[in-house]
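Written below as structure tokens is the structure these notes are about.
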């Protein structure tokens, strides 16, 4: 089940996409697992179906999920590194580390979070 924070500045569709990726990383969702339909997911989360559609579209563009016409949306067997994204992700990670340290988060806590 996707968990949303409606008070977060992060758009809902991004939260949905990130949560699905988190479930894949945790092994909760596996390749070929079927995701709820747009309508089912929207009803469950009490949000506009277009928001779900936007999240699914973003995940489809990344190759995380794939739509099978007339059947549904499924998790792809994609686990490959996107070499073009790595420099951008490294930059974001560095910026986050700077913010964490600036706000007094210790290296030990950061390492603990990474392990979790």
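Each value in this text was obtained by applying a stated rule to the coordinates, not by laboratory testing. On a predicted model such as this, the values are computed, not experimentally measured, just so you know. A quick note on method: Cβ atoms are made from the backbone with ideal geometry, for glycine too, and the neighbour counts reach across all protein chains shown.
Descriptive notes on the structure:
- Enumeration of residues in segment 15-37 that are surrounded by 14 or more Cβ atoms within 10 Å (Cβ to Cβ) and over 12 Å from residue 65 (Cβ atoms): 15, 18, 19, 37
- Yes/no for residue 37 being more than 22 Å from residue 113 (Cβ to Cβ) and touching a strand residue (DSSP E or B) at 6+ places or on another chain (Cβ under 8 Å): yes
- Condition met for residue 47 (assigned to a helix (DSSP H, G or I) and within 21 Å of residue 4 (Cα to Cα)): no
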